[in-house]
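The structure under discussion appears below in the form of structure tokens.
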Amino acid sequence: MAKRPTVSLGGPFLAQGDELNATLDPKNYSRYEPMIDAVRKLDMQRVADVYLRFYPLFQSAYQDLGYPNAYFNDRLVAVIDSLLAAPEPAGPIELTRPNVMYTFSDPTLEALPAGQKLLIRMGPDNAGVIKAKLRELRSIVSAGRPGAASSTGTPVASNTDRSTAAMLSPAGDSTAWLAYICFTEPPVSHTVTLYEFKAASLQYAAFNR
């Protein structure tokens with residue numbers, strides 16, 4: 001059973017109308033508020049710093065997925081760009097219910113990637129918070145400054161973390177990197193095995209493929 005980074009949303013999915021003529025109920029947006037509040041408080045520079053420290057594990061997992069000559073950081077930026085491109089439909093969003101789950105009546109919306117559809121379902125205000133944070137993260141991991149991406153697509157270490165720069169090679173020893181993280185201050189709050197981290201990394205890399 002796959003582990004999820006968040007708990008399920010509270011309450012049922014809300015729609016107005018019947019199964020043949022329904023629209024997305026704006027009251028549904030409030031189901032996402034606890035998650036949005038947590039995202040709103042994130043310091044994206046610190047998020048990027050954590051990403052940088054774990055990058056060799058992400059890269060190793062990405063290579064295991066079948067991309068030996070590609071960079072995970074490039075994939076991350078591509079996914080961010082995909083999410084930022086999510087449309088913002090004006091007016092009521094029509095739904096249909098062919099089976100158990102509701103779908104968008106507009107085939108163009110229904111054909112969107114899962115991440116873009118999620119942003120639509122959470123409402124424009126909530127989606128705006130997510131997109132703003134994604135823009136912050138993108139600017140850090142893709143620009144030429146501390147925590148950014150190099151010309152090869154690999155994030156580079158900040159000026160205060162040059163001692164770890166040599167460990168950022170895609171072919172680096174992931175086990176050594178994990179040991180470095182576990183025994184460097186501040187210590188991680190819980191134990192993560194290399195297998196568990198790689199499994200989570202693979203699941204993330206495969207999302208929105």
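The values are calculated or read from the model by the stated rules, or taken from the named source; none is laboratory data. The structure presented is a predicted model; accordingly, all values stated were derived computationally and were not measured. Here Cβ is always computed from backbone atoms with ideal geometry, including for glycine, and neighbour counts include all displayed protein chains.
Figures for the structure shown
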item: Given (1) in contact with a helix residue (DSSP H, G or I) (Cβ under 8 Å, 6 or more places away or on another chain); (2) farther than 17 Å from MET122 by Cα; (3) in a helix (DSSP H, G or I), number of the condition ALA70 does not satisfy; result: (3)
item: Yes/no for ALA171 being at pLDDT below 90, out of contact with any Asp or Glu (no Cβ under 7 Å at 6 or more places or on another chain), hydrophobic (A, V, I, L, M, F, W, C) and in a loop (DSSP other than H, G, I, E, B); result: yes
item: Answer residue from segment 97-116, given it is surrounded by 15 or more Cβ atoms within 10 Å (Cβ to Cβ) and either aliphatic (A, V, I, L, M) or assigned to a strand (DSSP E or B) (or both) and is farthest from the chain's Cα centre (by Cα) among those; result: PHE104
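Yes/no matrix, rows are residues, columns are (1) under 19 Å from the mean Cα position of the chain (by Cα); (2) surrounded by 14 or more Cβ atoms within 10 Å (Cβ to Cβ); (3) free of Cβ contacts under 8 Å to residues at least 40 places away in the same chain:
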site	(1), (2), (3)
PRO12	no, no, yes
GLU19	no, no, no
GLU33	yes, yes, no
ALA38	yes, no, yes
TYR51	yes, yes, no
TYR55	yes, yes, no
ALA85	yes, no, yes
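Quick grid of which residues meet (1) in contact with a Gly (Cβ under 9 Å, 6 or more places away or on another chain); (2) among the acidic types (Asp, Glu); (3) at pLDDT below 90:
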position	(1), (2), (3)
GLU88	yes, yes, no
ILE93	no, no, no
ARG97	no, no, yes
LEU134	no, no, no
THR152	no, no, yes
